[in-house]
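Written out below as structure tokens is the structure these notes cover.
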Amino acid sequence: MGKSSSPKGVMKRGVWSSQYGFLLAAIGSAIGLGNIWRFPGIAYKNGGGAFLIPYLVALVAAGTTFLLLDYALGHRYRGTPPVVFRRIHRRAEILGWWQVAICFVIMVYYAVIIAWAARYIIFSTTTAWGKAPDKFFAEQFLAAVGTETLNLSPVWGIFIPLAAIWVIVLIIIAFGVQRGVEKANRIFLPLLVGLFLIMVIRALTLPGAIDGLNQFFTPKWSALADGQVWIAAFSQIFYSLSVAFGIMMTYSSYLPRKSNLGGTGFVAAFANSAFEILAGIGVFATLGFMAHQQGVKVSELEGITGIGLSFITFPQIISSMPGGALFGVLFFTSLVLAGLTSLLSLVQVVAGAVQDKFALTPAKSAIWVGSISGVISLILFASKSGLNVLDVVDNYINAIGVISSAILIALTVAIIHPRLRVLREHVNQVSTIKLGKWWDVLVGFIVPAMLLSMLLSTISELITKGYGDYPTWLTLSFGWGVLLFAAVGSFLLTLAPWRNQVDQFELVPVTPSKEKNK
Amino acid sequence: MSTSAIALMSVAMILVWGGLVWFAWNLRYRKVPVLPAHTEELIARLEAEEAAIR
């Protein structure tokens, strides 16, 4: 029961029922909380309509290219990130565990935001936040303490829904790739798109909606000359598409060998951006209504991105809107669904890697991973210091962890153990969309060089200025400390012996395009 | 809405949603390349081995 490899060394792994099932899961993973609460605000702050130009360039140059690199690695080397990099070179295995560690860290705090949104679905029905949603959120709901202390006393109003979210996610993961993750995405993703569309249509009918859209789309052309705007666009695409986390690598490893990688990659990337544009329209139409109600300009509004947008600004709007309760239920249910599909993908990377390394069944691996991550998640993030810890961990793991992972992947496959040509030919031999040598240059050199400059400037800023108004002990423990924990964890997991015969592996030969054309 | 805002909104929608429709059509209707016989045989064997232990 426990062992999951055959005597011949073939690893027992799940498989998607079809390419369509994989596509839904990949889109579900890409469409997350960031599409709804991050993109509209980032676009607006970085040039409005003009931001869409660097955004589209980033989508094609960095998003789709890196996404296809992830797809190609997982599909060719048939495994979660540690398997993939071990099969490239034994010493590269640690890079795979680094990605698993990043997913682990993200999933323990990501779950709590879904739990908040789940509670807010219920709060919406009675507009429980009253006339002061900001005080309600910080003081009553989170019972948040200041940044000067670490208070791990549980907040039961968060603890219970968070525990429920973990139980739901782990049951889905325990059912395996096809019966669990795929089935859940087949239900959650269409439901998310349907509910969100209804919400956007309602938002567009509100007074002031057009002013909101005008603010969102009016281009500030001078922004195009600002390097920071381009960095914001590339970062948005990178985080939004979930590249370099190991998610797409893991998902593509469950695809049958004859699958259209290029086609599915472009559909997933464009579907993610299509949803982001839709979210921008919905959010700014709603903000336009708020500005209209308050008799101010949209540009004077605050809290138009992130947690503030969802849990303070939107409740304020819901209270002043005719039929606000229903609008609130739609909005927070969309957040829960978008979050759940992304959380499933994060947990699948960790559970899948544990399954591959220790030859466990999906159920056993889900129980192990779920117990550890659930306990950490409940202790740290269902506490009175939960919001502060979340903010710090989120910033460091994304700005340093994910970006360093992307650079290391590119460095590994472009220079240390060159595989770009073979990966490109691997994609091309099963795809309707062909990659040229330009792809090697983009993923091997240009995009990593951009990411490296971003990473260096972020590190230097965090070292010299710290992060926000947080005290040094907090950023050292939950910022740099979490990165150190991830690095040490990756090292130790690399040292652990494989219970699967990971090195007995047969690669499918690639056929260079020229030869095939003869 | 200003003319420039309408123009940017239209361009973004046409490129992103149009791109999505185009790639979805491409995925659904364009035929994937045929692999050499020896590769097809290898894939069939590997997938049969995996299916046998699943």
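The values are calculated or read from the model by the stated rules, or taken from the named source; none is laboratory data. None of the values given here were measured: they were computed from a predicted structure. Heads up, the Cβs are rebuilt from the backbone with ideal geometry, glycines too, and the neighbour counts pull from every protein chain shown. For the accessible areas, the whole protein counts, side chains as well, though only heavy atoms, and no ligand, DNA or RNA atoms are used. Shrake-Rupley method; radii C 1.70, N 1.55, O 1.52, S 1.80 Å.
Going through A:Ile400, A:Ile415, A:Ile409 one at a time, which residue ends up being open to solvent by less than 10 Å² (accessible area, probe 1.4 Å) and either over 30 Å from A:Tyr109 (Cβ atoms) or away from every other protein chain (no Cβ under 14 Å) (or both)? Even if it seems obvious, please write down each step before you answer.
Working: A:Ile400 fails: open to solvent by less than 10 Å² (accessible area, probe 1.4 Å); A:Ile415 fails: open to solvent by less than 10 Å² (accessible area, probe 1.4 Å).
Step by step, each of A:Ile400, A:Ile415, A:Ile409 is checked, and only A:Ile409 is open to solvent by less than 10 Å² (accessible area, probe 1.4 Å) and either over 30 Å from A:Tyr109 (Cβ atoms) or away from every other protein chain (no Cβ under 14 Å) (or both).
In the range A:233-249, which residue that is among the small types (Gly, Ala, Ser) and touching a Pro at 6+ places or on another chain (Cβ under 8 Å) is surrounded by the fewest Cβ atoms within 10 Å (Cβ to Cβ)?
Narrowing the range A:233-249 to residues among the small types (Gly, Ala, Ser): A:233, A:235, A:240, A:242, A:244, A:246.
Subsequent filtering for residues that are touching a Pro at 6+ places or on another chain (Cβ under 8 Å) retains A:233, A:246.
On the way: A:Ala233: 24, A:Gly246: 35.
If we take residues in the range A:233-249 being among the small types (Gly, Ala, Ser) and touching a Pro at 6+ places or on another chain (Cβ under 8 Å), then A:Ala233 is surrounded by the fewest Cβ atoms within 10 Å (Cβ to Cβ).
Could you grab me the full set of residues in the range A:462-491 that are open to solvent by less than 100 Å² (accessible area, probe 1.4 Å), under 20 Å from A:Ser405 (Cβ atoms) and in a helix (DSSP H, G or I)?
Passing the criteria: A:Leu462, A:Phe478, A:Gly479, A:Trp480, A:Gly481, A:Val482, A:Leu483, A:Ala486, A:Ala487, A:Val488, A:Gly489, A:Ser490.
Kindly indicate whether any position in the range A:36-44 is in a helix (DSSP H, G or I), facing chain B (nearest Cβ under 10 Å) and open to solvent by less than 10 Å² (accessible area, probe 1.4 Å).
Narrowing the range A:36-44 to residues in a helix (DSSP H, G or I): A:36-37, A:39-44.
Imposing the further condition that a residue be facing chain B (nearest Cβ under 10 Å) reduces the set to A:43.
Retained after the next criterion (residues that are open to solvent by less than 10 Å² (accessible area, probe 1.4 Å)): A:43.
Scanning the range A:36-44, I find at least one residue that is in a helix (DSSP H, G or I), facing chain B (nearest Cβ under 10 Å) and open to solvent by less than 10 Å² (accessible area, probe 1.4 Å), so the answer is yes.
Which of (1) away from chain B (no Cβ under 14 Å); (2) open to solvent by less than 50 Å² (accessible area, probe 1.4 Å) does A:Trp438 not meet, given it meets every other one?
(2)
Which condition does A:Pro207 not pass, out of (1) within 30 Å of A:Lys297 (Cβ to Cβ); (2) in a helix (DSSP H, G or I), if it passes all the others?
(2)
Report, ordered by the first and then the second residue, all pairs with beta carbons closer than 6 Å, sequence separation of six or more or different chains, a first member in the range A:339-363 that is hydrophobic (A, V, I, L, M, F, W, C), and a second member that is not in a helix (DSSP H, G or I).
From residues that are hydrophobic (A, V, I, L, M, F, W, C), the pairs are A:Val349/A:Gly246; A:Ala353/A:Thr80; A:Phe358/A:Arg499; A:Ala359/A:Lys3; A:Ala359/A:Ser4; A:Ala359/A:Ser5; A:Ala359/A:Arg499; A:Ala359/A:Asn500.
For the range B:1-37, give me the residue count where each residue is part of a loop (DSSP other than H, G, I, E, B), open to solvent by 50 Å² or more (accessible area, probe 1.4 Å) and either touching a residue at least 24 places away in the same chain (Cβ under 8 Å) or at the interface with chain A (Cβ under 7 Å from one of its Cβ atoms) (or both). Please lay out each step first, then the result.
Step one: of the range B:1-37, the residues part of a loop (DSSP other than H, G, I, E, B) are B:1-2, B:30-36.
The next check asks that each one be open to solvent by 50 Å² or more (accessible area, probe 1.4 Å); those that pass are B:1, B:30-32, B:34.
Pick out the ones that are also either touching a residue at least 24 places away in the same chain (Cβ under 8 Å) or at the interface with chain A (Cβ under 7 Å from one of its Cβ atoms) (or both) and you get B:1, B:30, B:32.
Of the residues in that region, 3 qualify.
In this structure, is B:Glu40 among the charged types (D, E, K, R), without any contact (Cβ under 8 Å) to a residue 12 or more places away in the chain and either buried (at least 16 other Cβ atoms within 10 Å of the Cβ) or facing chain A (nearest Cβ under 7 Å) (or both)?
On the way: among the charged types (D, E, K, R): yes; without any contact (Cβ under 8 Å) to a residue 12 or more places away in the chain: yes; either buried (at least 16 other Cβ atoms within 10 Å of the Cβ) or facing chain A (nearest Cβ under 7 Å) (or both): no.
When the stated conditions are applied, B:Glu40 does not pass them.
Of all residues in the range A:147-187, which are open to solvent by 40 Å² or more (accessible area, probe 1.4 Å) and in contact with a Phe, Trp or Tyr (Cβ under 7 Å, 6 or more places away or on another chain)?
A:Thr147, A:Gln178
When the range A:60-87 is examined, which residues are found to be open to solvent by 10 Å² or more (accessible area, probe 1.4 Å) and either touching a strand residue (DSSP E or B) at 6+ places or on another chain (Cβ under 6 Å) or β-branched (Val, Ile, Thr) (or both)?
Once the filter is applied, which keeps residues that are open to solvent by 10 Å² or more (accessible area, probe 1.4 Å) and either touching a strand residue (DSSP E or B) at 6+ places or on another chain (Cβ under 6 Å) or β-branched (Val, Ile, Thr) (or both), the range A:60-87 yields only A:Val60.
Report yes if some residue within the range A:209-221 is within 30 Å of A:Gly323 (Cα to Cα), surrounded by fewer than 19 Cβ atoms within 10 Å (Cβ to Cβ) and within 13 Å of another protein chain (Cβ to nearest Cβ); otherwise report no. Spell out the reasoning first.
Initial filter on the range A:209-221 (within 30 Å of A:Gly323 (Cα to Cα)): A:209-218.
In the following step, the residues that additionally are surrounded by fewer than 19 Cβ atoms within 10 Å (Cβ to Cβ) were identified as A:210.
When the remaining residues are screened for being within 13 Å of another protein chain (Cβ to nearest Cβ), the result is A:210.
Yes, the range A:209-221 has at least one match.
For the range A:243-254, indicate whether the set of residues that are part of a helix (DSSP H, G or I), under 17 Å from the mean Cα position of the chain (by Cα), modelled with pLDDT under 95 and away from chain B (no Cβ under 14 Å) is non-empty. Before you say what the answer is, go through the steps one by one.
Initial filter on the range A:243-254 (part of a helix (DSSP H, G or I)): A:247-253.
Okay, now just the ones that are also under 17 Å from the mean Cα position of the chain (by Cα), so A:247-252.
Next, only the ones that are modelled with pLDDT under 95 stay: none.
So far as the range A:243-254 goes, no, none of its residues is part of a helix (DSSP H, G or I), under 17 Å from the mean Cα position of the chain (by Cα), modelled with pLDDT under 95 and away from chain B (no Cβ under 14 Å).
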